[in-house]
Structures are given as C-alpha cells and as structure tokens.
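Some notes on the structure that comes next.
The values are calculated or read from the model by the stated rules, or taken from the named source; none is laboratory data. Fair warning: this is a prediction, and the values are worked out from it, not measured in the lab. Using ideal geometry, Cβ is built from the backbone for each residue, glycine included, and neighbour counts are taken over all protein chains shown.
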C-alpha cells in the first residue's frame with residue numbers, strides 16, 4: 001500500500017465505543033489487510049483473507065464484528081478458533097481491550113485448564129469465545145455450552161491448524177454451529193486442504209490478500225552471517241554482547257535445541273527463557289509472562305510454539321538455524337519492527353546452507369545484507385560492568401565457604417578476590433569472547449567457488465554418464481537389428 005493509499009480508521013465509521021477502543025490502542029492508519037478486510041466484513045460477506053502474522057489480523061476481523069454485535073448482551077455472538085493456547089489468550093486480550101467500551105466480554109477455551117471454569121465463563125457473560133480446536137470440540141460434543149449459536153465465526157491461522165493436525169476437528173466443530181452465520185477464514189498460506197475447507201464452510205466468499213511485498217516490513221533490517229557449524233553458540237553470544245538487544249527472540253528448529261540454547265545462554269550470563277510444544281501449560285504461561293514483563297529479555301523458541309505471538313518491543317530476531325521455507329522466515333522476522341519501530345533480523349548460515357538462503361531471498365524478495373561478526377564482543381568497560389553484575393547476583397555456595405576457610409590464613413581477602421576475578425576473566429576468554437568467529441570474506445568466496453565448481457563437475461559427470469548410456473543403448477539396438485537381419 002503506497003503512501004497515497006493509506007486508509008485511516010475514521011473512514012470505517014465505527015461506533016463511538018469501538019472508536020474509543022481504537023484510540024486507546026493508538027491505531028490511526030489501517031494495515032493493508034485491515035484496509036481490505038474490514039469493509040468486506042462490514043457488508044456481511046464471508047471472507048478468505050490471506051495474510052501473515054503481525055499484519056493486524058485480529059483488529060481486521062475483531063473491530064467490524066464487535067461493532068456489529070449487540071450492546072450489553074450476555075450471549076455468545078462470536079467464536080474465534082485458533083491453533084495454540086498462547087494465541088487464544090493473546091486474541092482474547094486484544095479483543096477485550098478494543099471492545100471494552102462497548103461492554104464486550106471474552107472467554108478462552110483450551111486444554112490444560114478446568115472444564116468447569118471454562119464452562120462457567122462461556123455460559124456466564126461471554127460475548128466472544130476464543131478457543132483451540134481440540135478442547136472446543138470436546139466441550140461441544142459433551143453439550144457443555146447452553147444456547148451456543150455464534151453469528152460470527154473466525155478461523156485464524158488456518159494453515160497452522162492444518163499443520164498441527166486439527167483439520168478434522170475443525171470440520172467437526174462446524175457441525176455444531178448454526179448455518180446462518182458469517183464466516184471468516186484467515187491463513188498465511190492456502191494449501192489445497194485449506195482451499196477445500198473454505199469451499200465447504202464459506203458461502204460465496206470475498207477475498208482479501210496481502211502480497212509478500214506488502215507483508216515485508218521496511219522497518220526490519222535483515223542481515224546474515226556465514227559461520228562454521230560449530231560456531232553457532234559463539235556467534236549468537238558474540239552478537240548478543242555486541243548488539244545488546246533490549247528484547248530478542250531466538251528461533252530454533254527443534255525442542256531439544258531450545259532447551260540447550262536457553263541453558264547455554266543463561267550459563268553465559270544472559271537472562272533467557274525457552275518455549276516449545278512439549279512444555280506443560282503452566283510452564284508455558286510462566287515463560288510468556290516473564291518475557292512480556294521483561295523479567296527475561298531473550299526468548300528461545302520453536303516456530304510452532306511462537307506462531308502468532310504478538311509481543312511488543314521485540315528489537316531483534318535471531319535465526320539460530322535458517323528456516324525450512326520462506327513462509328517460516330517471514331513469520332519469524334515479523335516479530336520485530338512493529339508499530340513503526342525499527343527491528344533487526346539476523347540469520348546464521350553455513351556455506352552448505354547458502355543456497356537455501358539465496359532461495360529465500362528470491363522468493364520473499366528480501367534484501368539481506370551480508371555482515372561479519374565483530375572480532376571483539378564488548379569493550380573493556382562493558383565487560384567489567386557485566387562481570388560486576390554477575391558477581392553481585394551470584395549466590396554463595398557452601399563449598400565456596402570451605403574454599404575461603406582453606407585459603408584465608410595463606411592469602412589476604414583482597415588478593416583472594418583479585419585471583420578469583422582473574423579466574424572469571426580467564427574463563428570468559430576461554431569461551432571465545434575475543435576469538436575470530438565466522439568465515440572471512442576471502443575464505444567464504446573461495447569456499448563458495450569450490451562448491452560451485454563441485455556442483456558443475458557433478459552436472460558434467462551426470463551429462464557424460466547419460467550420454468554414455470544413450471550411446472550404449474544405441475549400440476545395443478544396432479547389434480539387435482543386425483542379428484535380426486541375419487536370422488531372417
């Protein structure tokens with residue numbers, strides 16, 4: 001959307017209650033998906049909206065729906081189905097804030113919480129229910145809700161529900177919903193299964209689609225660093241020390257990697273928490289609260305666990321490993337550079353992954369800058385301050401008391417303190433605070449050239465092999481033809 005095409009929220013003519021929620025949230029200019037979707041929802045159409053996380057989807061469906069809902073009603077008028085518990089909580093909170101001037105009440109339904117508590121909230125005063133598919137279907141099949149006839153139904157992150165195996169649950173849920181409803185489907189991608197689902201649950205839908213160019217946030221600077229495989233930890237630590245991000249998310253591919261990387265960072269003096277799908281709900285909630293309240297400034301997460309999370313003030317996103325596909329890359333980096341603020345997305349790649357990175361750049365039309373990891377992580381003053389902070393926060397171990405008692409008669413306390421601090425500094429150096437990390441440009445160019453030559457050699461060898469097989473096949477045919485003539 002160009003500067004001249006910007007649409008203000010005033011142009012949608014919302015009620016004064018909803019307009020008040022918009023002002024409270026600080027919204028002024030509609031995002032592309034909001035500008036396209038809101039008028040279609042207002043006219044009562046079913047909708048297929050294709051847009052990525054971080055493009056303002058919740059407001060795109062929430063604002064017009066809440067504007068059309070009855071005021072001060074105690075019935076459930078809107079149902080939002082979403083793949084994860086974290087996303088359900090997030091959507092519920094945002095809708096409540098935007099609609100509270102109108103008296104909108106929200107309730108969440110997902111696994112890991114009491115059936116009775118969720119039943120009471122839905123059957124009590126809830127106007128909007130935000131639910132995950134499994135628990136919702138379970139409660140619907142057991143007839144836990146009374147007079148459950150939502151007029152507005154939203155499927156959010158439909159492709160992610162497909163990826164997580166919820167598609168059959170979603171189809172079953174619609175057997176319990178009224179036929180006379182307005183249905184909105186939001187999805188980042190449109191695989192065949194989602195298209196078929198849309199055809200079965202939507203009636204004459206309109207479409208709203210945000211292109212990759214519109215999705216790519218110009219406020220996000222994108223960089224990549226080429227490293228050797230064994231340097232991932234050191235490279236991550238070095239960049240965190242140099243950049244000193246206010247709040248960052250580090251994306252890993254596997255759950256066990258999340259645990260290991262978060263533990264590694266904490267052992268090196270950072271305040272990190274991990275998030276992945278195998279964690280208990282209580283632990284996941286604890287992690288998210290700590291990160292949102294800035295009690296931890298680094299979140300290490302898998303794609304699935306962090307899908308749809310809308311956390312404000314994330315200044316940096318790190319791809320510990322390159323994402324599997326361009327869609328994941330866009331989702332990941334979209335966690336930063338929000339609300340007009342600048343963000344930085346960093347990707348670590350090895351020479352073997354360089355081709356994958358090039359493919360992602362072409363498909364998402366993103367300009368990634370090749371950067372090199374600084375040779376020194378922090379200046380001396382920063383190192384002193386960081387070490388001093390670690391010493392202040394260090395709890396005293398009983399074994400430390402025994403060591404002190406064994407040395408106090410031989411070394412005075414001042415000298416002992418200097419010796420122990422020197423040990424800490426030596427340990428920091430041994431962890432790579434000053435060594436060169438990453439592949440220098442000259443070496444990288446040489447490696448990439450060798451890889452290209454090797455690739456070309458394989459192609460030529462394959463062509464020669466194919467040519468030999470064709471010649472051999474032709475020779476056999478000629479021999480066979482000669483033999484048939486002799487026999488005749």
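Structure notes:
- Matching residues, the range 64-92, being at pLDDT 90 or above and assigned to a helix (DSSP H, G or I): 64, 65, 66, 67, 68, 88, 91, 92
- Applying the condition of being touching a helix residue (DSSP H, G or I) at 6+ places or on another chain (Cβ under 6 Å) and assigned to a loop (DSSP other than H, G, I, E, B) to the range 31-58 and asking which residue is farthest from residue 335 (Cα to Cα) yields 51.
- Residue 61 vs. criteria touching a residue at least 12 places away in the same chain (Cβ under 8 Å), in a helix (DSSP H, G or I), surrounded by 14 or more Cβ atoms within 10 Å (Cβ to Cβ) and assigned by TED's automatic domain parsing to the domain that holds residue 203: yes
- Restricting the search to helices (runs of 4 or more DSSP H) fully inside the range 255-361 and requiring at least 2 residues that are in contact (Cβ under 8 Å) with a residue 60 or more places away in the chain and farther than 25 Å from residue 190 by Cα gives 281-292.
- Out of 303, 285, sole residue that is touching a strand residue (DSSP E or B) at 6+ places or on another chain (Cβ under 7 Å) and at pLDDT below 85: 303
- Test result for residue 80, touching a strand residue (DSSP E or B) at 6+ places or on another chain (Cβ under 7 Å), within 26 Å of residue 332 (Cα to Cα) and either surrounded by 22 or more Cβ atoms within 10 Å (Cβ to Cβ) or not assigned by TED's automatic domain parsing to the domain that holds residue 113 (or both): yes
- Screening residue 231 on (1) buried (at least 16 other Cβ atoms within 10 Å of the Cβ); (2) within 17 Å of residue 335 (Cβ to Cβ); (3) at pLDDT 90 or above; (4) out of contact with any helix residue (DSSP H, G or I) (no Cβ under 7 Å at 6 or more places or on another chain) shows it passes everything except condition (2).
- When residue 194 is tested against the conditions (1) modelled with pLDDT under 90; (2) in a helix (DSSP H, G or I), the lone failure is (1).
- There is no residue in the range 404-413 that is closer than 28 Å to residue 436 by Cβ and modelled with pLDDT of 75 or more.
Residue by residue, here is whether (1) assigned by TED's automatic domain parsing to the domain that holds residue 284; (2) surrounded by fewer than 17 Cβ atoms within 10 Å (Cβ to Cβ); (3) not in a helix (DSSP H, G or I) holds:
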{"position": "130", "(1), (2), (3)": "no, no, yes"}
{"position": "139", "(1), (2), (3)": "no, no, no"}
{"position": "149", "(1), (2), (3)": "no, yes, yes"}
{"position": "162", "(1), (2), (3)": "no, no, no"}
{"position": "165", "(1), (2), (3)": "no, yes, yes"}
{"position": "179", "(1), (2), (3)": "no, yes, yes"}
{"position": "185", "(1), (2), (3)": "no, no, yes"}
{"position": "198", "(1), (2), (3)": "no, no, no"}
{"position": "208", "(1), (2), (3)": "no, no, yes"}
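- Here residue 248 fulfils each of the conditions (1) touching a residue at least 40 places away in the same chain (Cβ under 8 Å); (2) surrounded by 15 or more Cβ atoms within 10 Å (Cβ to Cβ); (3) over 30 Å from residue 60 (Cα atoms) apart from (3).
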